[in-house]
1. Under the rule of at least 5 residues apart or a separate chain, name every residue whose amide H is placed under 5 Å from the amide H of Leu23.
2. If you count, for each residue, the other Cβ atoms within 10 Å and average over each peptide, how do 52-60, 142-150 line up from highest to lowest?
3. Show me, for region 284-292, the HN-Hα J-couplings you get by feeding each phi into the Karplus relation (A = 6.51, B = -1.76, C = 1.60, θ = phi - 60°), rounded to Hz, glycine and proline as x.
4. For the ranges 94-101, 311-318, 253-260, what's the packing order if you count other beta-carbon atoms within 10 Å of each residue, average per peptide, and put the highest first?
5. Please tell me which of these pairs span more than 19 angstrom C-alpha to C-alpha: Lys289/Lys396; Lys114/Lys289; Lys114/Lys275; Lys102/Lys159?
6. Please rank Cys70, Cys457, fewest neighbouring Cβ atoms within 10 Å first, as an exposure proxy.
7. Beta carbons within 10 angstrom, averaged per residue: use that to sort the peptides 299-305, 370-376, highest first.
8. Tabulate in residue order the Karplus-calculated ³J(HN,Hα) for region 157-170, using 6.51 cos²θ - 1.76 cosθ + 1.60 with θ = phi - 60°, rounded to whole Hz; enter x for Gly and Pro.
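All of the numbers you see were taken from the coordinates with simple rules; none came from a lab. What you see is a predicted model; the values in this text were computed from it and never measured. Here the Cβ positions follow ideal geometry from the backbone for every residue, glycine too, while neighbour counts run over all protein chains shown.
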Amino acid sequence: MSWLTFFITSHGTSHGVSVSEILAVRELDVDCGTKDDGRWQKMPQKSTEAYPYAFTVSYVERAWQHRWRCSDVTFHCLEGALCQQWVQTIREQLTALTSRPKHLLVYINPYGGKQQGERIYEQKVAPLFTLASISTHVIVTEHANHARDHLRTEAELKKYDGVVCVGGDGMFSEMVHGLVSRTQRDNGVDQNSPEEKLVPCTLRIGIIPAGSTDCICYATVGINDPVTSALHIIVGDAQPMDVCSVHHNNTFLRYSVSLLGYGFYGDMLADSERKRWMGPARYDFSGFKTFLTHHYYEGTVSFLPATDILGTPRDKTRCRAGYVLLQRTMEYKGGWRVIRGKFLAINAASMSCACPRSPKGLSPAAHLADGTTDLILVRKCSRFNFLRHLLRHTSKYDQFDMTFVEVHRVRRFRFTPRYCQSDSELDLRENGKRLFSQICRDHPACSCSPAYSSWNCDGEILPHAAIEVGCVTTPYNLLCKYTVHSESIQTPSLFPHFFTL
Ligand SMILES: Nc1ncnc2c1ncn2[C@@H]1O[C@H](COP(=O)(O)OP(=O)(O)OP(=O)(O)O)[C@@H](O)[C@H]1O
Ligand SMILES: CCCCCCCCCCCCC/C=C/[C@@H](O)[C@H](CO)NC(C)=O
Ligand SMILES: [Ca+2]
């Protein structure tokens, strides 16, 4: 049974509800109260006389702009036995939905975004998990990397069907690092080898948005709304994602699932980290300041184009959760390409990176689970042109249709800054300032642009400028998370949005 179409409600209307979107069912007492959760509600006198038995179904209602809400509908009937039969049948149907989580491990970052994580969870999310009979173990983090380290070493993962973070992209990144690292260690995979294939994680990660950018949530669900995300988690939606591994000199640095940005986004992040007290507004302040400094960086970008996939970064299609994996049409054909130049920004977007500040994202047509990342190169240009490029992220105009911008869909890429003295260790934090002043003295055409920017890796600063990145190929690198895009659902079926690898 995939749909229940019921008889008369208290308003005399009929109602259709997909079983896969039912959250809970509870029987009502003849005296107008629910039997199991003690929440009492008034029913119209006429209904109780004509139909003395009733039960209430809580279900997902699609509201506006990808928003989901929990709604209740009460059904009335004449016979108690019939009423109980309905309740029992619906409960059996819900139990049979094996993709739904029953036990979740939840990490809350109390300092993400506007520092509302705990309140958001307690007021908006926990009541829904309780309604759906999901048991939770909640940990409020006490320091950065608390969730990552707990997941990597201590957490008894066998007890849970999924892990959930309440926070922003940085918290999601912590979960990815904890889970992916643990999975590789348990399977003997050497993370330091850039060529090694990652073993996929079996546990799914859900995000309740409570950060500053919430790009991973927004780009997959279509909105950063805690209730919507909680409902996607409850109904067991899943979406595979690409994971890029970032290395320096055969040493693993980090994973990235959204943006790897050098130049503009790296400088903006480095500046904004010192202004965390400003909350999400720090990105606007530092973004504007970074725009005014107009620094460019010289270096060499080498990349392996993804020639074996359908689609390009200039497509008009948009990919959110619900996307079916693209099939490979052939094996790697092209070789590496090399581009040298002066860049204002080098961005690698493994997903669209849509967020409230940029609703279509840095690469609007990027796919969620195709094993590629969109490499965007913004060459040195005038401030005016760079502003035009940035502003196009917020309008319907194509930000790639500019002579100084190029975009490539790639499987791997490398970046080497021009003034990289050798391949040996170059710790930007320690050496960056010294090199900057030396290069300023030595460089005849010095325009006082520093030699190095930083890489912004999903909102974290990387300690090296020279990096090698591999966007791990499907299906071995897929990470699941509980999200789906509501408009992708055309025909009702028992598992309308569950994707298997
Ligand atoms: N208890 C804590 N105290 C301090 N920092 C923490 C704590 N828990 C997590 N963190 C760190 O806080 C950083 C920011 O968290 P988060 O991503 O949730 O919010 P944000 O940066 O405001 O949002 P976004 O990443 O969406 O821009 C992360 O790098 C995370 O490691
Ligand atoms: C001239 C003014 C320019 C203002 C620029 C505003 C900033 C736009 C933000 C778009 C960022 C989208 C990419 C998301 C990256 C996330 O991984 C990261 C961590 O949350 N967020 C940022 C801001 O780096
Ligand atoms: Ca991708």
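1. Correct list: Ser58, Tyr59, Val60.
2. Values: 52-60: 20.6, 142-150: 15.3.
Going from most to least packed, we get 52-60, 142-150.
3. Per-residue couplings from phi come out as 5, 4, 5, x, 5, 4, 5, 4, 5 Hz.
4. On the way: 94-101: 15.9, 311-318: 13.8, 253-260: 25.6.
Ranking, from highest mean packing down: 253-260, 94-101, 311-318.
5. Working: Lys289/Lys396 25 Å; Lys114/Lys289 22 Å; Lys114/Lys275 13 Å; Lys102/Lys159 10 Å.
The answer is Lys289/Lys396; Lys114/Lys289.
6. Numbers: Cys70 18, Cys457 26.
Listed from fewest to most nearby Cβ atoms, that is Cys70, Cys457.
7. Values: 299-305: 19.7, 370-376: 27.1.
Highest to lowest by the protection proxy: 370-376, 299-305.
8. Computed from phi, the couplings for region 157-170 are 5, 4, 6, 10, 9, x, 10, 10, 10, 10, x, x, 5, x Hz.
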